[in-house]
Amino acid sequence: EYSGKLRAAKFVIDMPYIALLGGYDANFTERDPWKHPTLLRFIRDAKNDYGQGYIVEGALDHRGAIVDGFVFDRRDYNLYQDDGDLMVDRSNRSESVWLMSPGSIVRNCVFVNGATGALLIGTASIVENNVFMNHVGAIVTVRRGNANTPTLVRNNTLLFSWNEKFGQGNVTTGYGIKFDTQARGTADGNLIAFIDNHGVEGFGDPGDVSIPN
């Protein structure tokens, strides 16, 4: 488990071609993200009770950033009612990872328990072999970046994306993968289940998005 400076779990990538690799054993002799989970964790206490938003954030030119083999659990960013229901509007509503420069890669990660989505990523990137579970709104959002190359979202598992207003039925949030306006991408070979509204949502030109397999 890593919580970073002031136990705030804030990690910034602010230069090109940086790889963050988790999944090593205690001696750093074997790497297997599914056998040796590496948690980037915010620790709530009296002096730090809300968190600083994104856990991994791209800044400046961070093209080629790789985030591979981490567990992102947002439970300590959230506030809950006495009956256990999430208090959406009072919880920290930032994604776990935000990467907008081209060539970014997020793979072999686990994202759980977000009061909003899990990942914001730009075009010309890859999102593969991750598990996303139990978020509000859009789990993965692909936005238009500074490149026209499509983003590839492949071989991920996306489970349980909730409408922001539970049980009311008058808000159409709750997406698995969201391709924002002018975003280009392919959603290939993903397992998407238990989504309140749309498994894949395209807000732009339908010709900019493909959904094979």
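The values are calculated or read from the model by the stated rules, or taken from the named source; none is laboratory data. The structure presented is a predicted model; accordingly, all values stated were derived computationally and were not measured. Side chains included, ligands, DNA and RNA excluded: accessible areas come from the protein's heavy atoms. Shrake-Rupley method; radii C 1.70, N 1.55, O 1.52, S 1.80 Å.
Residues whose amide H lies under 5 Å from that of Lys10, counting only those 5 or more places away or on a different chain, are Lys5; hydrogens are built 1.01 Å from N in the peptide plane. Working note: Cα gyration tensor of the range 105-213, eigenvalues times five, square-rooted, sorted largest first, giving semi-axes of 21, 16, 12 Å. Across every pair of non-identical alpha carbons in the range 1-122, the mean reciprocal distance, once inverted, gives a Kirkwood radius of 15.0 Å. Here are a few candidate values for Cα extents along the principal axes in Å: [x] 54, 45, 26; [y] 61, 44, 35; [z] 47, 43, 32. Which one was actually calculated from the structure I just gave you? Of the labelled values, this structure produces [z].
In straight-distance terms, cross-link reach from Lys5 covers every one of the aspartates and glutamates whose alpha-carbon lies under 15 Å from its own, apart from those fewer than eight places away in the same chain; here that gives Asp45, Asp49, Glu57. Once the 1.4 Å probe is applied to the protein heavy atoms, the range 109-213 comes out at 43 Å² accessible per residue. Only protein atoms count toward the accessible area here, which uses a 1.4 Å probe; on the chain, the carbon and sulfur part of that area reaches 50 percent.
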